[in-house]
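The values are calculated or read from the model by the stated rules, or taken from the named source; none is laboratory data. Note that the coordinates shown come from a computational prediction; the quantities given were computed from them, not determined experimentally. Here the Cβ positions follow ideal geometry from the backbone for every residue, glycine too, while neighbour counts run over all protein chains shown. Areas reflect the complete protein model, heavy atoms only, side chains present, ligands, DNA and RNA absent. Shrake-Rupley method; radii C 1.70, N 1.55, O 1.52, S 1.80 Å.
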Amino acid sequence: MEFDMIIHNGLIVSDTTVLPLGNEIGVKNGKISCIGMSLPSGPKTERVDAEGAYITPGGVDAHVHLAQTNAPTGDTWETGSRSAIAGGTTTILAFASQKRTDTSLIPVLDDYYQKARGQSYADYGFHFILTNPTRDILQKEFPIMANEKGVTSVKLYMTYEPMKLTDRDLLDIMISCRALGLTTMIHAENSDMIALIIEGLERNGNTDPFYHAIARPRIAEDEASYRAISLAELVGAPILIVHMSSKVAVEHVRHAQARLLPIHAETCPHYLFLLSENLKSKPSDHFCGAMHVCSPPLRHRVEDLEDLWQGIANGTFTVFSSDHAPSKYDHPGGKKLGLVNGIPMFSKIPNGLPGVETRLALLFSESEACLPPAEARLSLPRFVQLTSTNPAKMYGLGGCKGSILPGYDADFVIWYPTSSDQAPTEITQKMLHHGVDYTPFEGVKIRNWPRYTILRGKVVWNRDSGKVLGEMTYGQYLKRGKGEVLVGKSSLTPRGMLDNERDMWMPKR
Ligand code: DUC
Ligand code: ZN
Ligand code: ZN
């Protein structure tokens with residue numbers, strides 16, 4: 001058999017180890033065929049020389065908002081997925097968002113799918129944002145989503161008037177998800193605490209963008225996270241709390257994990273690198289803080305960043321996603337919705353930051369690939385777990401995405417060799433490929449960048465020659481299987497309950 005591609009002279013990183021130089025990857029028909037020494041080339045084999053650099057799996061970014069109806073000025077599928085591959089991410093999971101008035105998920109998925117089809121440089125799939133969980137949807141449509149459409153995860157909001165669910169809704173959905181093996185993502189912030197504070201801030205004329213960070217204090221995330229964990233414990237459901245930013249909330253997760261509850265956690269680059277001072281106005285632009293408005297908000301102190309880095313290193317976080325949620329800054333339908341008759345109103349600013357392209361480089365730059373052991377924040381296998389292997393497994397792509405193993409899709413990032421001075425040293429808007437007019441990471445230091453991105457055996461990004469080489473029609477829709485529970489187990493009896501007590505009331509499917 002002749003390989004289509006052989007990648008040689010690189011250090012292959014898996015979620016458990018770094019293979020020594022000499023190991024090569026043979027690719028056939030878009031899949032990894034084998035890993036071995038001195039693989040034979042044929043006349044048609046493309047040989048890619050990694051020049052001694054690290055090779056990691058193509059990034060799997062499981063939290064990306066693209067072309068959502070409620071964020072009209074953000075990225076299209078074309079610009080967002082282009083940005084993904086230029087940053088080493090080969091798989092993106094985006095959201096199909098149900099409106100309160102939608103009584104069926106099927107047309108919603110169709111609409112979102114039509115927007116993405118033939119428009120993506122990266123492979124892609126969808127989660128559902130669920131805002132109207134009718135009995136029909138839970139009982140009839142969830143099985144269709146899971147078994148026919150390959151949509152095996154939902155995101156639930158505990159805050160935002162147009163989206164928030166009651167605790168009872170959350171419980172009913174968790175029960176259905178548990179029965180079907182769907183992954184349940186939760187946005188955990190206490191809605192009433194936030195509403196009370198916003199009201200008071202506005203009454204006192206405190207409406208500049210910075211007050212967004214005051215309006216959503218850590219305690220709102222802490223309380224909602226603990227509540228989400230308690231609800232999940234009651235019904236024995238695995239959950240993933242997304243975009244975590246608070247030490248106490250993360251401690252709640254860690255304690256739950258220590259009790260073997262299946263509680264997973266996600267954090268994002270902005271909570272590791274950026275502080276709330278970014279929301280303050282500058283003399284040149286009093287509204288520029290809007291560029292850093294996201295929820296949960298950026299936190300105030302350097303110690304807040306440190307606390308989250310700890311969760312990266314000690315295993316509490318299961319996944320590291322971008323939460324790419326783009327809105328243009330200088331656009332009346334984007335961040336400037338928060339300028340009402342010229343007056344800043346933080347509560348009207350669309351939430352979210354772009355970051356699909358910068359996610360991998362930011363984390364890799366803090367790993368042992370780029371820093372001496374005493375300074376490195378994480379090992380290379382941990383980098384791979386967080387950015388590729390775990391999200392692939394959690395979202396039903398295990399066996400196909402997220403690992404460099406025979407039979408898996410041939411998706412890779414080849415980095416610059418450690419000694420190279422070709423990689424950029426700081427992030428700038430100019431170097432990025434998204435459709436947004438700014439990056440919240442402007443000027444943040446990086447130490448490496450994906451030199452090549454390879455998707456199913458095709459070089460789709462070559463930073464030194466041609467840049468984006470992939471095509472917008474190349475990305476494939478991923479019908480996902482059921483997600484794996486990576487932490488704890490679902491069968492535990494909640495604290496203080498008798499064995500079998502739950503069976504006395506838990507609905508049977
Ligand atoms: N939640 C997200 O997941 N992304 C952006 C804003 C938000 O509230
Ligand atoms: Zn959210
Ligand atoms: Zn999000």
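Flag set for Leu21, criterion: in a loop (DSSP other than H, G, I, E, B) and surrounded by fewer than 22 Cβ atoms within 10 Å (Cβ to Cβ). Annotation: Glu46 fulfils all but one of (1) within 28 Å of the chain's Cα centre (by Cα); (2) surrounded by fewer than 19 Cβ atoms within 10 Å (Cβ to Cβ); the unmet one is (1).
If you go through the stretch 117-153 and pick out every residue that is touching a strand residue (DSSP E or B) at 6+ places or on another chain (Cβ under 8 Å) and closer than 17 Å to Met163 by Cβ, you end up with 7. For the stretch 232-255, which positions are open to solvent by less than 30 Å² (accessible area, probe 1.4 Å) and over 22 Å from the mean Cα position of the chain (by Cα)? Correct list: Glu233, Val235, Gly236. Of all residues in the stretch 457-468, those that are open to solvent by less than 30 Å² (accessible area, probe 1.4 Å) have Cβ atoms under 9 Å from Cβ atoms of residues that are of a type in the set (Lys, Arg), 6 or more apart or on another chain, in Gly457/Lys28; Gly457/Lys31; Trp461/Arg451; Trp461/Lys467; Asn462/Arg451. For Ser81, which of the numbered conditions (1) surrounded by 24 or more Cβ atoms within 10 Å (Cβ to Cβ); (2) in contact with a strand residue (DSSP E or B) (Cβ under 6 Å, 6 or more places away or on another chain) fails to hold? Answer for Ser81: the failing condition is (2).
Considering the stretch 352-395, the qualifying helices (runs of 4 or more DSSP H), each wholly inside and each with 3 or more residues that are at pLDDT 95 or above and buried (at least 24 other Cβ atoms within 10 Å of the Cβ), run over 359-365, 390-394.
Among the residues of this structure, Leu260 does not count as one that is more than 30 Å from Glu366 (Cα to Cα) and either more than 16 Å from ligand 3 (Cβ to nearest atom) or of a type in the set (D, E, K, R) (or both).
Within the stretch 295-322, which residues are touching a strand residue (DSSP E or B) at 6+ places or on another chain (Cβ under 7 Å) and not in a helix (DSSP H, G or I)? Hits for the stretch 295-322 are Thr316, Phe317, Thr318, Val319, Phe320, Ser321, Ser322. Please indicate, with yes or no, whether at least one residue in the stretch 196-213 is touching a Gly at 6+ places or on another chain (Cβ under 7 Å), part of a helix (DSSP H, G or I) and open to solvent by 50 Å² or more (accessible area, probe 1.4 Å). Within the stretch 196-213 (the criterion being touching a Gly at 6+ places or on another chain (Cβ under 7 Å), part of a helix (DSSP H, G or I) and open to solvent by 50 Å² or more (accessible area, probe 1.4 Å)), the answer is no, since none of the residues qualifies.
Mind checking whether some residue in the stretch 106-117 is among the basic types (Lys, Arg) and more than 18 Å from the chain's Cα centre (by Cα)? Yes, that holds for at least one residue.
Within the stretch 281-314, the set of residues being among the small types (Gly, Ala, Ser), more than 16 Å from ligand 2 (Cβ to nearest atom) and in contact (Cβ under 8 Å) with a residue 60 or more places away in the chain comprises Ser281, Gly289, Ala290, Gly311, Ala313. Considering the stretch 162-186, the residues that are at pLDDT 95 or above, within 16 Å of ligand 2 (Cβ to nearest atom) and in a loop (DSSP other than H, G, I, E, B) include one that is farthest from Val64 (Cα to Cα), namely Leu165. Of the residues examined, Ile144 is one that is more than 30 Å from Met291 (Cα to Cα), β-branched (Val, Ile, Thr) and modelled with pLDDT of 95 or more.
Taking the criterion of being of a type in the set (Lys, Arg), more than 14 Å from ligand 1 (Cβ to nearest atom) and within 27 Å of Thr101 (Cβ to Cβ), would at least one residue in the stretch 202-219 satisfy it? No, there is no match, as no residue in the stretch 202-219 is of a type in the set (Lys, Arg), more than 14 Å from ligand 1 (Cβ to nearest atom) and within 27 Å of Thr101 (Cβ to Cβ). Scanning the stretch 105-117 for residues that are open to solvent by less than 30 Å² (accessible area, probe 1.4 Å) and either assigned to a loop (DSSP other than H, G, I, E, B) or under 21 Å from Leu455 (Cα atoms) (or both) turns up Leu105, Ala116. If the condition is being open to solvent by less than 80 Å² (accessible area, probe 1.4 Å), aliphatic (A, V, I, L, M) and either modelled with pLDDT of 95 or more or not in a loop (DSSP other than H, G, I, E, B) (or both), then the stretch 469-505 contributes Leu469, Met472, Leu478, Val485, Leu486, Val487, Met497.
Here Ile229 qualifies as touching a strand residue (DSSP E or B) at 6+ places or on another chain (Cβ under 7 Å) and open to solvent by less than 10 Å² (accessible area, probe 1.4 Å). Against the list (1) open to solvent by 50 Å² or more (accessible area, probe 1.4 Å); (2) more than 20 Å from Lys393 (Cα to Cα); (3) not aromatic (Phe, Trp, Tyr), the condition Glu148 fails is (2). Restricting the stretch 50-69 to residues that are open to solvent by 10 Å² or more (accessible area, probe 1.4 Å) and in contact (Cβ under 8 Å) with a residue 60 or more places away in the chain leaves a set whose member that is nearest to the chain's Cα centre (by Cα) is His65. Taking the criterion of being free of Cβ contacts under 8 Å to residues at least 60 places away in the same chain and under 29 Å from Gly483 (Cβ atoms), the residues of the stretch 262-280 that qualify are Ala265, Thr267, Tyr271. The number of residues in the stretch 154-172 that are farther than 11 Å from Ile186 by Cα and either open to solvent by less than 50 Å² (accessible area, probe 1.4 Å) or more than 22 Å from the chain's Cα centre (by Cα) (or both) comes to 9.
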